[in-house]
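First comes the structure, then the notes that go with it.
Here, each number is a calculation from the coordinates, and none is a lab measurement. Computed from a predicted model, the values in this text were never measured in an experiment. Positions of Cβ are generated from backbone atoms using ideal geometry, with glycine treated the same way; all protein chains shown enter the neighbour counts.
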Amino acid sequence: MKIETTLAGSYPKLPTSPGDINLRVVKNRRDQGKATEQDVQDAVRQTTRRILEIQERAGVDLPVDGAAGWDDAQTYVARGLGGFQIAGLIRYLDTNTYYRQPEIVGPVTWKGPITVEDFRAAQAMSERPVKAFLPGPYSLYRFSKDRHEGNEGEALAAIGAALAKEAGALEEAGARWIHFEEPWLGRAHAEDAPKARAALAPLLEGRKAKTTVHVPFTAPTAVFDAIRELPWTAIGLDLREAPAGWDLLPRIPEGRTVALGLIDARNTKLEEADEVAREIARARAARPDLAYQLSTTASLEYLPADKAELKVTRLVEAARTASRNGGS
Amino acid sequence: MSRGLWTTTVGSFPKPPRLEKARQQHARGELSAEALEAMEREETIAVIKRQEAIGIDIIVDGELYRGDMTTYFAERMPGFAISNPVRSYGNRYYRKPIAVGPIRRKKPLTVDWWKFAQSQTSRPVKGMLTGPYTMMDWSFNEHYPSREAMTMDLAEAIREEAFALQEAGAKYIQIDEPALSVRPEELSLAVRAFGRVTEGLQAKTITHVCYGDFDLIYPGLLDMPVDQIDLEMANSRYDLLDRFRSHPFTKEIGYGVLDVHSHRVETKEEVKEGIRRGLEVLKPEQMYVDPDCGLKTRTVDEAFAKLEVMVQAVREIREEKGITT
């Protein structure tokens, strides 16, 4: 059976070939008053095109647009929702990257499409279905500071409902697969399980598009039973940082897909395709009834652009090796 | 009358435009290493003199000769290679170390610069290092079998540098561990490695920790074998003080009162209010007032304008509360 390939999250913005548009340089020129916002927007689109071309050349089945216009994994979306303001820089978990912390200062609402134009632009550049990318509601809440007077349950439900509307708008724009990034599910405790479920349920129920709930860095062991029956298509697991994810395989409902995060997005060391193929075979042997994708463990943006490109190539090589082996 | 509320800064200062330009010229091969270093020394003297003029009690050299706080050290230590740029936020990038072999300290990393800086002032100059846990966590690892093995090798190397700084005369040695606050399950490893660095050191030891989730590591943070922990207070609107009410902060504290990621210069009243709030739960003799973090992301004018406000606010609070240095 063919192993489908995909990436998780964003992708490095810098070019690897001389002459390619350099978004960093254009933004610096904008900051110096030498380029316009339109120049930046054009550079974002050209960067998106390059990110998609890299994946297409390598043969990635379900490419991502790389979130070329995003400053970090949270604020691009939080900024577009009602009820949020954006505050100071804070470290993004243990990644040595930063994000501006969203603050909840009023009822969270969906004011209109936030990522839809980006998705449309990316999909128009690719023959393959582009996987749309949104922060997960549980993580968006946990990454934020709640300064509103409402209670935690209300805020989680409101964020889930707002992101559900964004997901609906993406579906209307043609998105066939939507990826929700949920790093905080791996850090949640058992007592958080009902909250995680309450945040995800409105997002996943009734979706026309296929959905991935991706949990980088840590396995969602403590809350998995609470979310396992929700109607997600795929669960994304980081099996490099969190080998405990292997223990979740027996608990995954029949007929679902597992995005096996076996290409390490946080280390430059390149995996061996044969070794990765053997790990895929291990999963197939344990649960032959499930479908599998081969994925990066997390956003490839934790790597320099040259190394990220090598990882994309290796991802496809490993999946092809595994597909040829047929699980043996 | 009590003593306390000394003023200091966390480490880095902004590089003046002429130095930024010179670094770029050097990177392109258009300026010699000697010419660049001469300019770095001129600007280091300027930073020291401005800190003296403002009235900062404990001086830093400004790190104008350094790029990233891990890469500077990695470039000088066998066992490391350096990656192409990786994004840290928005449009900010840095080159990240890659462990490709056993990491060692073969030569002094900062001692010559410390000696130079100390020779320019009668005030104490802090020795500034990056801690072993942060060096490990902020590097790629293509060599070591475990995070622990890499951290402990780094601890030996950084320990050698810390003792070399002490030997040279440093009375304050700051060993930054900003990565400490994000992986609570590894706090014990970070504490053990830090203990190896500081074991037997007579100098006052400081560590700077920032931009993380303190709920995860406090009060375990107080186990760090260090005299002073430097924290960003202003950026989090002094929320940490509530934690200190429920579990007292038992060490000296570097008390950050300036948001280094904001262009806005704080008002004196804001800073005074932040210090007053701190004095509700901390003793003045515990407190070293400083910015939240290194100032290198500000412009030169912003950085010194912020520091002038800070020092003036501290002076007025000292007078108000009858505190001497």
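Amide H neighbours of residue A:86 under 5 Å, at least 5 residues apart or on other chains, H built in the peptide plane: list them.
Close amide H contacts, sequence-distant or interchain: A:103.
Enter the Cα centre distance for the pair the range B:258-318 and the range A:179-208, rounded to the nearest angstrom.
After rounding, the separation between the Cα centres reads 40 Å.
With springs only between Cα atoms under 10 Å, which of B:208, B:247, B:143 fluctuates most in a Gaussian network model of chain B?
The residue that fluctuates most here is B:247.
How many partner chain Cβ atoms sit within 10 Å of a residue's Cβ in peptide A:19-25, on average, as a whole number?
Averaged over the peptide's residues, the number is 1.
Sort B:95, B:28 by Cβ crowding within 10 Å, fewest neighbours at the top.
In order of increasing Cβ crowding within 10 Å: B:28, B:95.
For every other residue with a beta carbon closer than 13 angstrom to the beta carbon of residue B:251, add +1 if it is Lys or Arg and -1 if Asp or Glu, then tell me the sum.
Cβ neighbours under 13 Å give a net charge of -3.
Once you've got the Cα coordinates, tell me which of B:96/B:126; A:145/B:283; B:272/B:306; A:145/A:311; B:251/B:306 are over 23 Å apart.
B:96/B:126; A:145/B:283; A:145/A:311; B:251/B:306
Amide H of residue A:133: which non-local residues (sequence gap of 5 or more, or other chain) have their own amide H closer than 5 Å, using H built in the peptide plane?
Distant-sequence amide H within range of residue A:133: A:179.
Rounded to the nearest 0.05, what FRET efficiency is calculated for residue B:315 and residue A:39 with R0 set to 56 Å and r the Cβ-Cβ distance?
Rounded to the nearest 0.05, the efficiency is 0.75.
Just in the range A:67-160: which trypsin sites (Lys or Arg not before Pro) are loop by DSSP and have at most 12 other Cβ atoms within 10 Å?
A:111, A:147
Name the residues whose placed amide hydrogens come within less than 5 Å of the amide hydrogen of residue A:146, ignoring near sequence neighbours (fewer than 5 apart) on the same chain.
The answer is A:104.
Starting from the range A:220-328, pick out the GluC sites (Glu not before Pro) whose DSSP state is loop and whose Cβ has at most 11 other Cβ atoms within 10 Å.
A:229, A:254
Tabulate in residue order the Karplus-calculated ³J(HN,Hα) for the range A:104-117, using 6.51 cos²θ - 1.76 cosθ + 1.60 with θ = phi - 60°, rounded to whole Hz; enter x for Gly and Pro.
The phi angles translate into 8, 10, x, x, 7, 9, 8, 8, x, x, 10, 10, 5, 5 Hz.
If I take R0 = 60 Å and measure r between the Cβ atoms of residue A:126 and residue B:20 in this structure, what FRET efficiency does the formula 1/(1 + (r/R0)^6) give, to the nearest 0.05?
Using R0 = 60 Å, I get an efficiency of 0.95.
Antiparallel as a % of all DSSP beta bridges within chain B, to the nearest 5?
So the antiparallel bridges amount to about 20 percent of the total.
So if R0 is 51 Å, what FRET efficiency would residue B:35 and residue A:289 give, r being the distance between their Cβ atoms, rounded to the nearest 0.05?
Result of the calculation: an efficiency of 0.15.
Using just the helices of chain A, give the 222 nm mean residue ellipticity in deg cm²/dmol: DSSP H runs with n ≥ 4 each add -39,500 (n - 2.57), and the total is spread over all residues, rounded to 500.
-11500 deg cm²/dmol
What list of ³J(HN,Hα) couplings, whole Hz, do you get for the range A:228-233 from phi and the Karplus terms 6.51, -1.76, 1.60, once you set θ to phi - 60° and write x for glycine and proline?
5, 8, 4, x, 6, 7
For residue B:171, which aspartates and glutamates qualify as cross-link partners when the Cα separation must be under 15 Å and same-chain residues fewer than eight apart are set aside?
B:57, B:61, B:161, B:227
Return the average number of partner chain Cβ atoms within 10 angstrom of each residue Cβ along peptide A:301-307.
5
I want to check the label-to-label distance for residue B:251 and residue A:147. Put each point 7 Å from Cα in the C-beta direction and report it in nm to one decimal.
The answer from the label model is 2.9 nm.
How much of the DSSP bridge set in the protein assembly as shown is antiparallel, in percent, rounded to the nearest 5?
In the protein assembly as shown, approximately 20 percent of DSSP beta bridges are antiparallel ones.
Take the alpha-carbon centre of the range B:101-172, take the same for the range A:1-68, and report the distance between them in whole Å.
The range B:101-172 and the range A:1-68 have Cα centres separated by 37 Å.
With label points built 7 Å along Cα→Cβ from the Cα atoms of residue B:57 and residue B:163, find their separation and express it in nm.
3.1
Checking understanding here: applying a Kyte-Doolittle mean of at least -1.0 and a length along the axis of at least 24 Å (C-alpha), which whole DSSP H helices in chain B pass?
B:33-54, B:147-168, B:300-321
GNM, chain A, Cα, under 10 Å: largest mean-square fluctuation among A:85, A:55, A:74?
A:85
Under a GNM of chain B (C-alpha, springs under 10 Å), which listed residue has the highest mean-square fluctuation: B:166, B:174, B:202?
In the Gaussian network model the winner is B:202.
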